[in-house]
Amino acid sequence: MNRSLIFDSPFLLGFEHTRSLIERAAKAAAESYPPYNVEDRGEGALRITLAVAGFSPDQLSVTVEDRQLVVAGKREGATGKAEDAFLHRGIAARGFVRSFVLADGMVVDSATLEHGLLHIDLARPEPEKRVHSIPIRSAG
């Protein structure tokens, strides 16, 4: 992976976290399996839909760690038939890990498996409006 020269500037000190987020996003974009859609559902809500045909709910996991949504699918052994029983195998039978970097404040509302599609609903709740009163000290 090519490192961005902009973050190597001596004038941008303390932006290591930003560089890390960009590198994670670039790595996630390079992955190609399973295919997915991202829908804007309005009012800050998003839906990520992954094509996970052949996976059952107990073979899938959805976790959030350090603002990174990780969806993993794990196959336990064979699908019940010998490998040579297939004349054509077009449905992938391999495990996967797909990750998405979440913006500050994004939360995962739910995950639903329906007809071979895993729907993950995300929301960005309205932040609390807080007013802080700053005391003014006298210099004398």
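Worth a mention:
- Subset tally (residues that are outside any loop (DSSP other than H, G, I, E, B) and more than 27 Å from Ile22 (Cα to Cα)) for region 116-140: 1
- Answer residue from region 1-35, given it is acidic (Asp, Glu) and modelled with pLDDT of 70 or more and is nearest to Leu118 (Cα to Cα) among those: Glu23
- Residue count, region 36-58 (criterion: surrounded by 13 or more Cβ atoms within 10 Å (Cβ to Cβ) and either among the aromatic types (Phe, Trp, Tyr) or farther than 12 Å from Leu118 by Cα (or both)): 5
- Residue in region 62-76 that is of a type in the set (Ser, Thr, Tyr) and either touching a residue at least 60 places away in the same chain (Cβ under 8 Å) or touching a helix residue (DSSP H, G or I) at 6+ places or on another chain (Cβ under 8 Å) (or both) present: no
- Hey, Leu113 surrounded by 15 or more Cβ atoms within 10 Å (Cβ to Cβ), touching a helix residue (DSSP H, G or I) at 6+ places or on another chain (Cβ under 6 Å) and over 20 Å from Ile22 (Cα atoms) or not: yes
The values are calculated or read from the model by the stated rules, or taken from the named source; none is laboratory data. Everything numeric in this text was worked out from a predicted model, so none of it was measured. Glycine gets a Cβ as well: all are built from the backbone with ideal geometry, and neighbour counts include every protein chain shown.
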